[in-house]
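Down below is the structure, laid out as structure tokens.
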Amino acid sequence: MEAPYIITKLEAAEQQLRAAIRLFFQDGNLLPVQTLIAAAHEVLLRLSGGKSLLKDSEFIRPERKKEWVDLLNATPNFLKHAGKDHDKRIEFFPQTIKFWILDCVLMHEKVTKPHLRESTLFMLWFINQYPQDFKPGVFGTDPEAIAAIGDVKKSYILEMIEKTENLKND
């Protein structure tokens, strides 16, 4: 029997975040990614002071906030609960996963330094995909320079994660 080990909430969230990012870049089944990232999100939300880019955005009208949060929570809640609705179906929007990951990466940054290697590579990919949305200096980058690289494929990021796996995470 394998011996138990001690883990903190932050360490658990970091492991979930790392695994979710890796699975995201593998372009496989995104339902497990949603489950992992929602679990990490819950912990990081508490540890970072309760502010979520996704759920607490000042850009959402106050009267629409509940609807927005309910929509964001629908899939994670569906995936982890089966009490009253075990035969229910739900629409799953895979394109939301990258925003859940982004939110976790940003909350993790508030809680601790250094960045996780997977988080840094995710941010480089994300900024490359949406350079027009970021100010210079965000996450220590220049969005225009990252955009000039051209489209960075998910497979390339996964390869970078795997190649740097044995390096010390600092």
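The values are calculated or read from the model by the stated rules, or taken from the named source; none is laboratory data. On a predicted model such as this, the values are computed, not experimentally measured, just so you know. Please note: Cβ atoms are built from the backbone with ideal geometry, for glycine as well, and neighbour counts cover all protein chains shown. In case anyone asks, the SASA skips ligands and DNA or RNA and just uses the protein heavy atoms, side chains included. Shrake-Rupley method; radii C 1.70, N 1.55, O 1.52, S 1.80 Å.
Some observations on this one:
- Among the listed values (i) 165; (ii) 139; (iii) 127, the one computed from these coordinates for volume of the Cα convex hull per residue in Å³ is (i).
- Loop-located chymotrypsin sites (Phe, Trp or Tyr not before Pro) across segment 13-84 with a Cβ neighbour count of 14 or fewer within 10 Å are Phe59, with loop assigned by DSSP.
- Cα gyration tensor category, rounded, prolate or oblate, for segment 1-83 with a/c compared to 1.5: prolate
- Pairs beyond 27 Å (Cα-Cα), from Lys9/Lys154; Lys65/Lys113; Lys113/Lys135; Lys55/Lys113; Lys65/Lys154; Lys9/Lys80: Lys9/Lys154; Lys65/Lys113; Lys65/Lys154
- Rounded if a/c under 1.5, otherwise prolate or oblate - segment 35-74, Cα gyration tensor axes: oblate
- Residues of the chain were split at every exposed loop site, defined as trypsin sites (Lys or Arg not before Pro) in a DSSP loop with at most 16 other C-beta atoms within 10 angstrom, and the longest piece left, sites excluded, is 90-152.
- Straight Cα distances below 19 angstrom link Lys66 to the aspartates and glutamates Glu42, Asp56, Glu58, Glu91, Asp103, with same-chain residues fewer than 8 positions distant left out.
- Think of the chain as a dipole: +1 on every Lys or Arg Cβ, -1 on every Asp or Glu Cβ, centred on the Cα centre; then among Gln132, Phe93, Leu54, Leu54 lies furthest on the positive end.
- Dipole magnitude of segment 31-147, debye to nearest 20 (Cβ charges: Lys/Arg +1, Asp/Glu -1, about Cα centre): 320 debye
- Checking every one of the GluC sites (Glu not before Pro) in segment 93-170 against DSSP loop status and a limit of 11 other Cβ atoms within 10 Å picks out Glu165.
- Net lengthening on full extension, Gln95/Asn166 (0.36 nm per residue, minus Cα-Cα): 22.5 nm
- Placing +1 on each Lys and Arg Cβ and -1 on each Asp and Glu Cβ, with no other charges, gives segment 52-113 a dipole about its Cα centre of roughly 100 debye.
- Here segment 109-170 exposes an accessible surface that is 54 percent carbon and sulfur, computed with a 1.4 Å probe and the other protein chains kept in place.
- Accessible area in square angstrom per residue, segment 21-170, 1.4 angstrom probe: 62 Å²
- Using a Förster distance of 30 Å, the FRET efficiency for His86-Lys154 (Cβ separation, nearest 0.05): 0.35
- Estimated from helical segments only, the mean residue ellipticity of the chain at 222 nm is -18000 deg cm²/dmol, where each DSSP H run of four or more residues counts as -39500 (n - 2.57).
- In a DSSP loop and with at most 14 other Cβ atoms within 10 Å, the GluC sites (Glu not before Pro) in segment 9-92 are Glu58, Glu91.
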